[in-house]
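We did not get these values from a lab; they are worked out from the coordinates using the rules stated. Fair warning: this is a prediction, and the values are worked out from it, not measured in the lab. For neighbour counting, all protein chains shown are included, and Cβ atoms are generated from backbone atoms with ideal geometry for every residue, glycine included.
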Amino acid sequence: MQKLFSELRCSLGNHTGKFTTKQVIWTLKYALTAIWPGFVLNKTNMPYICCIPYICRQVHLTPHPPMVFLKTHRTGSSTVQNILFRLGEREGATFAFPSQYSGLHYLFPFISEALPEGSSQFNLLCSHMHLDLREVRKVMPQNTVFITLLRDPIKTFESVFGYYTSIIPAFFRAHRATANKGKSALSMFLDSPETFWDPKEPGNGLAKNPMSFDMGLNNQKWNGSWPEDLAQLEEAFHLVMIAEHFDESLVLLGALLGLEHADVAYLRLNARAGNCVTELDENMQEKVRLWNMLDTLLYDFFVQVFWEKAAQFGLERLKVEVAQLRASTEKIQQKCVSRAEVPPGELEDLLRPWQTETATIVGYEVRGNLSLQDQGFCIRMMLPELQYHSHLYFKQYGRDMRAAPAD
Ligand SMILES: Nc1ncnc2c1ncn2[C@@H]1O[C@H](COP(=O)(O)OS(=O)(=O)O)[C@@H](OP(=O)(O)O)[C@H]1O
């Protein structure tokens, strides 16, 4: 794979060299941030990105504000991560990677990883983790922009369950209990979740209120500190994107970072094959909602915050920009994809997403006859998380990422 990537690296295009007023303003703002650490990019004023790589390199800065994307599970986060990987790679960011990788990435401390030679702090953290704001702030610069993504809690839980049935102990127990009972594991679990769920078991973090768990909240039961914890998260996060308004979210992300629509254009990644998705009737939905009540609170709260941000941006402007983003995505799709929703067995290793025992994850086939430069661009658009992670890790550290020890 490294050989393929070294070829791809050669094919990466250069910046056009045109500067917009926004970019020049951002460069000045960023320079100010560097000499005066107290200068924090204002949330509502929205920082601008510097897209002038050679100037930024001269002053030893990465050209976008440092960023943490808290990668929540089964929310569409691999799609957003891919956008940030491409952005960070293009601009030579120093990534904060977990030191090991496995199916349940959130268990691994990224903080123990040494910084690569020549860098003093990370610029971009966009892996799964169980958020601890204080710890994250230790390894990220003061002016770091925090973003994350939430999805409808019912869809999230259904997806987490389907994807991790054989990995999360509480789910696996329900799966085993269904033997010869003619019932789905999900329905077995939802009938009496407490029978299968041991809150003290380390691997059960995502078994209840998975988004609250990722966000570092108490995901087991509501307590008096919840409102304050939520307020703290609202204060810390510059943007909480909403999967049900994915394109609107990306337009706001683009505005926050000063990106063009083409920079946030995407291919939907890490999707399960249609036959792996369970349609939930009203009764099942209600059970999922009850079991994940804290995620519902979390989601409803941030949907409201999202629309406040959207209103500040301007709803009409948002509509126009969403249409532009969709046009850009459509163009890229036509240029890059010869076949979508391709089953894993028909994909080459490089483009095959990681599979679990219970979920089939589909991928893309890249168009043939592309120039080397376009091939590099298109493959990056559809590169599954683990492959892109390994590539960037190797580029940054000059060695492969360690595999997680087997249990
Ligand atoms: N653009 C967009 N809009 C809406 N939904 C999207 C999008 N991109 C990915 N997805 C869906 O998100 C699910 C995968 O989420 P993640 O990438 O976060 O999964 S993972 O935790 O990294 O395994 C997975 O959901 P399910 O297919 O329901 O499992 C994807 O289909």
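Over the range 113-192, the reciprocal of the mean inverse Cα-Cα separation, the Kirkwood hydrodynamic radius, stands at 16.1 Å. Extending 7 Å from the Cα toward the beta-carbon at both Ser120 and Glu341 defines two label points whose distance is 5.2 nm. For the range 311-360, the Cα-based Rg and Dmax, in that order, read 17.1, 46 Å. With a Förster radius of 25 Å applied to the C-beta separation of Arg402 and Glu201, the computed FRET efficiency comes to 0.50. Local charge for Met381 was computed over the other residues whose Cβ lies under 10 Å away, with Lys and Arg +1 and Asp and Glu -1, and equals +3. Here the extension length gained between Trp226 and Lys319 equals 30.1 nm, from 0.36 nm per residue of separation less the Cα-Cα distance. Distance between the C-alpha centres of the range 157-200 and the range 338-356: 27 Å, rounded to the whole angstrom.
At full extension, Val303 and Phe394 could sit 29.0 nm farther apart than now, given 0.36 nm per residue minus the alpha carbon distance.
Applying the criteria of a DSSP loop state and at most 16 other Cβ atoms within 10 Å to the GluC sites (Glu not before Pro) of the range 308-407 yields Glu348, Glu357. Shape class of the range 212-328 from the alpha-carbon gyration tensor: oblate, with a/c at 1.5 or above and b/c at least as large as a/b. Legend: ranking of residues Glu89, Glu234 from fewest to most surrounding C-beta atoms inside 10 Å; resulting order Glu234, Glu89.
Per-residue packing, averaged as other Cβ atoms within 10 Å, sorts the ranges 168-178, 269-279 into the order 168-178, 269-279, beginning with the highest. Taking all Cα-Cα distances within the range 267-370, those exceeding 22 Å account for 60%. Calculated from the alpha-carbon coordinates, the range 119-255 shows an Rg and a Dmax of 17.6, 57 Å respectively.
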